[in-house]
1. What is the pair-distance distribution P(r) of region 145-202, computed from all Cα-Cα distances in 5 Å bins starting at 0, with each bin given as a whole percent?
2. Round to a whole angstrom and tell me the spacing of the C-alpha centers of region 230-283 and region 318-348.
3. How do D449, D165, D598 line up, fewest other C-beta atoms within 10 Å first?
4. About the Cα centre, and with charges only on the beta carbon of Lys, Arg (+1) and Asp, Glu (-1), how big is the dipole of the chain? Nearest 20 debye, please.
5. In the structure displayed, which of K453/K526; K546/K595; K431/K607; K507/K607 lie more than 29 Å apart, Cα to Cα?
6. About its Cα centre, how strong a charge dipole does region 248-442 have in debye, to the nearest 20, once Lys and Arg get +1 and Asp and Glu get -1 at the Cβ?
7. Would you mind ranking D443, D240 by Cβ crowding within 10 Å, fewest neighbours first?
8. Size of the dipole of region 541-612 about the Cα centre, Lys and Arg at +1 and Asp and Glu at -1 on the beta carbon, nothing else charged, in debye to 20?
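Please treat every number below as a calculation from the coordinates, not as lab data. Worth saying up front: this structure is predicted, and the values here are computed from it rather than measured. Counting neighbours? That spans all protein chains shown, and the Cβs are built from the backbone with ideal geometry, glycine included.
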Amino acid sequence: MCGIVGYTGPREAYPIILKGLKRLEYRGYDSSGVALLHDGKLDVYKKKGKVAELEESLTGKNLHANIGIGHTRWATHGEPSDRNSHPHTSASGRLSIIHNGIIENYAPLKKELISKGYSFTSDTDTEVLLNFIEDIQINNDCSLEEAVRIALKRITGAYCILLLDEQDPETIIAARKGSPLVIGIGKGEHFLASDASPIIEYTKEVVYVNDYELAIVRPNELILKNLGNEKITPFITKLDMEMAAIEKGGYDHFMLKEIYEQPSTIQDCLRGRLNIESGTITMAGIDDHIEQIKNADRIMIVACGTSWHAGLVAEYIIEELCRIPVEVEYASEFRYRNPIVNKGDVIIAISQSGETADTLVALEKAKENGAFIFGVVNAVGSSIARISHAGAYTHAGHEIGVASTKAFTGQLAVLMMMALRIAIQKGTITKERYQQLLVELADVPEKVDAILKNAAHIKSIALKYKDARDFLFLGRGYNFPIALEGALKLKEISYIHAEGYPAAEMKHGPIALVDENLPVVFIATKDSYHEKIVSNMQEIKARKGKIISIITEGDEISPTLSDDVIFIPPADELIAPIISVIPLQLLSYFTGIAKGVDVDKPRNLAKSVTVE
Ligand code: F6R
C-alpha cells in the first residue's frame, strides 16, 4: 500500500523519482506527489489520480533538485484528493514527509497537537505524525533524527517514512516498521524505495532496512541506527533482478505478460528441485528441517486473498499425501483471535509480496508461541521471507499486475513439491505414486503453454458474457479453491460480481440465483469427483443457467451440458489446479479489457497490502 521513492546525490532527482513512482504504482494509485529540495527551499507538488496526471501537471515547471522524495498513494485516512496526497508539509513549512502505513494512535496525538495550537490541512494520520515530530524537535531543541526517534517510540501502527528538512539540504531521514524499505547504494548517491524496482537501473547493491531501524541517508553516507540510537552495520545484498522483469516486454499489460510467463516461471520454480531421473525433490528449506516438519502435529497455513486460495489447495494435497492435519487461516482473522498454536505446530505462510501486514503480524504472533514458520514467498528478501525459520521461494519473478497470476501457480508448484517431499520421507506415499506425480508436475509447463495457445477462444467467451451482472464459479475437491480464485480474479479486474462455491454446496443457497442470465463456470476436469460435478451441471442446466465448463480433453459428456467449453490437457487430479486456473485468468483478463478496466491497476486495490 503506497509506494515511496527518494533520491540524494549528484543527479536530477525528479526524473528518478517520477520513473520510480511509475514502477511502484501497483502499490497504490489514488494520488501522487513529490517534494524537491533546492537552494534551501522545499517545493511540494501533488495531484489526485495516477502518476501520469502528476507528471502532466508539472510540465513547464522548474523541477531542478538533487534531492527529493515521492509518493504514490492508496488512501487510508482521508479520501483520495490533492489535499490528502503526500508529501505533507509541517506547520513551520520546514519539513516534508511521505509515509506508507497507518498510524493507529493518530487521534489522541492529533488532539494533543490541536490543543497546542496546531491546525491541519489534510485528514491524514501522516500529517499528524509529521507535526508530532516537529513539535518534539522544537520542544527538545534536538536534531530531526532525534525527534524522529522519540516520536516513533510513541506511535503505534505501521510505517515507512522518508523526511526532508529544508535546513539539511543533502539528507533524507528514513525509518520503517511493518512497511518495506530498500536503499540502493550508488557511487556518491543513494536511492530509497518500497521495493527494488525503482533502483535496479542505477545499482544492484541494496540494503533492506529492518523494522525499528532508522536511516540517515546522504550522497556519500548511509548510517543505520536502531531506535535506541545504536549504530547498525548495513548488510549489503546484491539484487538478483533484471530490468526486463519490470518492463511489459511487448505485452499490452503486465497481467497478460505475467499470465504468458507461466510456462517459464513454473519451470523456474521446479528447476534444481525436481529431478525425475533420480526421483528426488531437493528443497533446502524442507530438507534442513524435515524431522520437525514431517512430525508436525498439525500444519497451519496463514495467508490472504489469492495466496489463501493456494493454501486451500495445499490443505487438500498435504492431508491426502502426508496425512498431517492442516488448517487454513485468513491471516487477518488469525492475528486477532486467540488461536491455539503449540510448539509442535508448523505454520506455512504464503505470500507473493512477503509484505502483507496481516500475514506478517500473524506470523510474529505464532512465532512468539513457539511455532516453526515456513515461508512460501515470491519477493526475495521480503519481510515474511526474513522472519521465517525456513522457506522456499516461488521464483515467479517480479509480479506487477495487481491481480496475482504467476505467483499463484508458483505457490501451487512449491506447495506440491513440499507435500511430495514430506510424504516420501514420512512413508505416506508409495514410490510409484510419488514418481508418477513427479512426472506429472514436470509436465505442467508444457500443458500451461498449450492452454495459452487457446487464448483466442477464451477471449470469444469473455466477449459473449462480458455484460453479465453476476457470475458463479463452481468446483469440487482440488478444484474448489480454483473456483474461489476464478471468482476473485473476475471481481477484481472486471468489477463483475462473482461468487465461488463448492459445486455441491450450491444447492444450499446460491442455486436461488440461477436463471437464464447467470453464467456458471464449472471447473470440471476428469477426477474422482467428475460424475458428481456432472450432476451439478445438470442441476444448473435444468434451471436454464448458462454453463461455461473447463473440462479435460476427451470428455464427451460435459460438452452436451455446456453452452461454452474450454478444453484443457489431462492431468492428475492433484496437479490439475495449477492447470485449470489458467483459463480463468485469461477469462478475467479478456472480460476486464472488454469492459475498459485498467486491469493492471483496478480501482481501490493495491498490490502489496501493507496496512491491516
Ligand atoms: C488477488 C491478489 C490478492 C493477494 C493478497 C495477498 O489477485 O493478488 O488477493 O493475493 O493481497 O497478497 P500476498 O500474496 O502478497 O501476501
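1. 4, 16, 24, 23, 19, 11, 4, 0
2. 27 Å
3. Going from sparsest to densest Cβ surroundings: D598, D449, D165.
4. It comes to approximately 360 debye.
5. Correct reply: K431/K607; K507/K607.
6. The dipole magnitude comes to about 220 debye.
7. Final ranking by Cβ density, sparse to dense: D240, D443.
8. I would put it at about 540 debye.
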